[in-house]
1. Restricting attention to the range 253-260, does a residue exist that is closer than 21 Å to Thr298 by Cα, open to solvent by less than 40 Å² (accessible area, probe 1.4 Å) and not small (Gly, Ala, Ser)?
2. Could you list, ordered by first residue, the pairs with Cβ atoms under 9 Å in which the first is in the range 122-139 and closer than 20 Å to Glu193 by Cα and the second is of a type in the set (Asp, Glu) and within 10 Å of the ligand (Cβ to nearest atom), at least 6 apart or interchain?
3. Considering the range 264-278 alone, what residues qualify as being touching a strand residue (DSSP E or B) at 6+ places or on another chain (Cβ under 6 Å) and surrounded by fewer than 20 Cβ atoms within 10 Å (Cβ to Cβ)?
4. Does the range 183-214 hold any residues that are in contact (Cβ under 8 Å) with a residue 60 or more places away in the chain and either under 18 Å from Asp29 (Cβ atoms) or open to solvent by less than 10 Å² (accessible area, probe 1.4 Å) (or both), and which are they?
5. Output the strands (runs of 3 or more DSSP E) that fall wholly within the range 11-114 and possess 1 or more residues being more than 30 Å from Ile316 (Cβ to Cβ), or say none.
6. Could you identify the single residue in Leu230, Leu208, Leu223 that is of a type in the set (A, V, I, L, M) and touching a helix residue (DSSP H, G or I) at 6+ places or on another chain (Cβ under 7 Å)?
7. Does Met1 fit the bill of being farther than 30 Å from Thr232 by Cα and surrounded by 19 or more Cβ atoms within 10 Å (Cβ to Cβ)?
Amino acid sequence: MSTARSTPNIALIKYWGNRNNDWRLPAADSLSFTLSEPCVDVIATVADSFAVTSTKELSEKDVERFKRHLELMHEYLNTLNLKLPEHLAFHVDSHIPPGIGLASSAAVFSATAIAVAGLLEQELTTEQLSVLARLGSGSAARSVLGGFVTLENTGTDGIDSAVARQVAPVDHWELWDIVIAPSTTHKKVGSTEGHAGAATSPHFVQRLQDIRLRQSNGIEAVLMRDFEKLQTVAEADSLDMHHCMATQQPPLHYLSNETYRIIRELEALRRGQHLPVLYTMDAGPTVHCICEAEAKKTVETFASQQSDCTIFIAKIGSGAERIKG
Ligand code: PMV
C-alpha cells in the first residue's frame with residue numbers, strides 16, 4: 001500500500017490543446033504555482049483486479065479515466081524497464097470542497113502518480129514522476145512540484161517528451177490565490193474533451209505563436225518578482241485561452257456574466273488603490289484573484305462582499321508527497 005497527498009495548481013500561462021491527446025502532450029509550455037490547499041489523498045493498493053473508490057461520487061467516466069491512466073503508467077514504466085503489480089486498486093479521499101470551482105484533477109492525478117511510484121522498487125526522478133502524473137491530467141504534472149512550475153515540451157515525440165520543472169521554490173515570493181466561485185452551476189465540458197477541440201479554433205495557431213513570448217515573460221516576471229509584468233502576461237494569456245475556447249468547435253463558453261462583473265470590479269479596485277492583484281480563470285466561471293501579501297486583506301474583503309459566491313484562500317504550496325505506506 002502507498003499513500004500520497006497533493007493539491008491543485010493555478011496556471012499563470014495556460015495549457016490548452018495537445019499535440020498528442022492520448023499521452024496528454026501539451027501543444028505549448030505552461031507556467032503555474034502550486035496551491036497549499038485543499039488537498040487530496042490517494043491510496044494505491046495491490047489488488048486482484050482494478051478498482052477505484054472515493055469519498056466523492058464517481059461517474060463511469062471518472063472510473064474509465066483512472067483505468068486509462070493506469071494503463072498509460074504501465075506503458076511508460078515499461079519504457080524504463082520498471083514493472084508495477086498487474087492490478088492496483090485506488091481510494092481517493094478528497095478534501096476539495098464541492099462547487100468551489102477548483103479543478104481537482106491536477107491534485108488527484110498527481111497524488112495517484114506519487115502513490116503508484118511508491119510501489120516501485122526504484123525511485124523515480126522528479127521529471128519521471130511528472131510524466132506519470134501528466135498521463136492522468138496534463139496540469140497534474142505541475143502539481144508534482146511545489147512553488148512555481150513549468151510544464152515544458154522537451155523537443156521529442158515520446159511519451160516522456162513533456163515534463164514539469166521547478167522555476168522557483170515555494171518561499172521565493174509570497175503570493176496568495178483568493179478564489180471567488182460564482183454559485184451558478186454551468187453545464188461544463190471537461191478539459192479532456194476541450195483540449196481535443198482546441199486546434200479547431202482559427203485562433204489556435206496564433207495562440208501557439210504568442211504563448212512563447214508570454215511564457216518567457218511569465219518566467220522572467222516570477223524570477224524578478226515583478227508583479228506588474230506578471231499581471232500583464234497572466235491576464236492576457238487567460239483571456240486569450242478563453243478566446244480560443246469560445247472559437248473552437250463546438251465552442252466552449254466557460255466564463256459567465258458574473259465572471260465579467262467580478263473582474264471589472266476587481267480592475268476598478270486595483271486602479272483605485274494601486275493593488276498588486278491579478279485575475280485568471282481556468283475552465284470555469286471561477287475567478288482566481290492572485291495577489292501579493294500587501295493586497296491580501298483588501299482582496300479578501302472584496303471577495304467576502306460577493307453575494308452567492310464561495311470563497312477559498314490558498315498560498316503557495318510544496319507539491320505532491322508520499323505520506324505513508
Ligand atoms: O489538466 P487538464 O486536462 O485539466 O487541463 C487544464 C487546463 C486549464 O486548467 C484550463 C489550464 C491549465 O494550464 O491548468
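1. Of the range 253-260, the ones closer than 21 Å to Thr298 by Cα are 258-260.
Keeping just the survivors that are open to solvent by less than 40 Å² (accessible area, probe 1.4 Å) gives 259.
The next check asks that each one be not small (Gly, Ala, Ser); those that pass are 259.
Checked the range 253-260: at least one residue is closer than 21 Å to Thr298 by Cα, open to solvent by less than 40 Å² (accessible area, probe 1.4 Å) and not small (Gly, Ala, Ser).
2. Correct list of pairs: Ser139/Asp282.
3. Residues of the range 264-278 that are touching a strand residue (DSSP E or B) at 6+ places or on another chain (Cβ under 6 Å), as a first pass: 266, 270, 276-278.
Of everything in the range 264-278, just one residue is touching a strand residue (DSSP E or B) at 6+ places or on another chain (Cβ under 6 Å) and surrounded by fewer than 20 Cβ atoms within 10 Å (Cβ to Cβ), namely Pro276.
4. Of the residues in the range 183-214, the ones in contact (Cβ under 8 Å) with a residue 60 or more places away in the chain are 183-186, 188-192, 194-196, 198-199, 204, 207-208, 211-212, 214.
Correct list: Ser191, Gly194, His195, Ala198, Ala199, Phe204, Arg207, Leu208, Ile211, Arg212, Arg214.
5. Values: elements: 18-20, 30-34, 40-46, 51-54, 88-94.
Output list reads 18-20, 40-46, 51-54, 88-94.
6. Numbers: Leu208 fails: touching a helix residue (DSSP H, G or I) at 6+ places or on another chain (Cβ under 7 Å); Leu223 fails: touching a helix residue (DSSP H, G or I) at 6+ places or on another chain (Cβ under 7 Å).
It is Leu230.
7. On the way: farther than 30 Å from Thr232 by Cα: yes; surrounded by 19 or more Cβ atoms within 10 Å (Cβ to Cβ): no.
When the stated conditions are applied, Met1 does not pass them.
Every residue, every condition in (1) at positive phi; (2) basic (Lys, Arg), yes or no:
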{"site": "Lys188", "(1), (2)": "no, yes"}
{"site": "Arg225", "(1), (2)": "yes, yes"}
{"site": "Leu230", "(1), (2)": "no, no"}
{"site": "Met241", "(1), (2)": "no, no"}
{"site": "Gln249", "(1), (2)": "no, no"}
{"site": "Glu265", "(1), (2)": "no, no"}
{"site": "His274", "(1), (2)": "yes, no"}
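The values are calculated or read from the model by the stated rules, or taken from the named source; none is laboratory data. The structure presented is a predicted model; accordingly, all values stated were derived computationally and were not measured. Heads up, the Cβs are rebuilt from the backbone with ideal geometry, glycines too, and the neighbour counts pull from every protein chain shown. Calculation scope for accessible area: heavy atoms of the full protein, side chains included, ligands and nucleic acids excluded. Shrake-Rupley method; radii C 1.70, N 1.55, O 1.52, S 1.80 Å.
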